[in-house]
Amino acid sequence: MKSSENRIHVFGIGGMGCSTLMHFHRQNIDAKFTCITYRDQHSFAPDIAYFEFTPPGTTFWNIKGVKTERANWDQQSMLTDEIKRLFQDDCHYVLLSGLGDPTGAYLALELTHWLTEEDKKFDVICSLPFTFESPGRTHAEQTLPKLQVFSNVRSLDGSGIQKQFPNLMLDKALKMAEDRLFEMFLEIISSKANR
């Protein structure tokens, strides 16, 4: 049995972060998994912890699902005491975040600053959306430079896959992105084992 300080705890932040977490979970790695998102928890495996997070703003229902008002998300703190309590263990945290989603972008940025201040062991793996996801690109392009000042942040730009494989179907491009993000995770695990 591993001690908690040697254990890996993977957090999916926002929709894309949790989708990536589910891909990692299917790889049968020895880790604890938690999703922080507004998604329906029934889509997660039973051993994935779920923290329902509704971003600041007004939420209302429409025929296609939930739409959340996104005004001033970058000016409001998303880091609640409830979220901070999720990081009480003495283990190595890995945050997965899609920066095209304001929840993923802003909460990952706040967590990165806070975990650094708390002297926690952690890494961040984030992704930038494909170029055709223009509203998401704006959040990502504004947030990534703020994250890149931290040495423990790795990122993957979906537009690189688009340029390299222009005729690749979207589902295959997303799968390729998930695989590359998982390779980054394996690099973190490998470097942690060698410390």
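For this structure, a couple of remarks:
- In the structure shown, the pairs K121/K163; K32/K120; K120/K192; K146/K172 are assessed against 23 Å; a Cα-Cα span above that value is assigned to K121/K163; K146/K172.
- Across Y106, Y50, Y38, the residue with the most accessible area heads the list, and the full order at a 1.4 Å probe is Y38, Y50, Y106.
- For the range 113-181, a crude dipole built from +1 on the beta carbon of Lys and Arg and -1 on the beta carbon of Asp and Glu, taken about the Cα centre, is about 220 debye to the nearest 20.
- A 1.4 Å probe run over the protein chains yields, for the range 109-182, 55 Å² of accessible area per residue, whole-number rounding.
- Furthest towards positive pole of dipole, F182, N152, N167, structure part the range 145-195, Cβ charges: N152
- Local electrostatic count at C126 - Lys and Arg +1, Asp and Glu -1, tallied over other residues with Cβ under 14 Å: -2
- Per DSSP, loop GluC sites (Glu not before Pro) in the range 100-195 with at most 12 further Cβ within 10 Å: E118
- Partners for K175 among aspartates and glutamates (Cα-Cα distance below 13 Å; same-chain residues under 8 apart left out): E183
- Value of Rg to Rh for the range 69-195, rounded to two decimals, is 0.99; Kirkwood radius and Rg both from alpha-carbon coordinates.
The values are calculated or read from the model by the stated rules, or taken from the named source; none is laboratory data. Everything numeric here is computed off the predicted structure, so don't read it as measured data. Positions of Cβ are generated from backbone atoms using ideal geometry, with glycine treated the same way; all protein chains shown enter the neighbour counts. Protein only, heavy atoms only, side chains kept; ligands, DNA and RNA dropped before computing areas. Shrake-Rupley method; radii C 1.70, N 1.55, O 1.52, S 1.80 Å.
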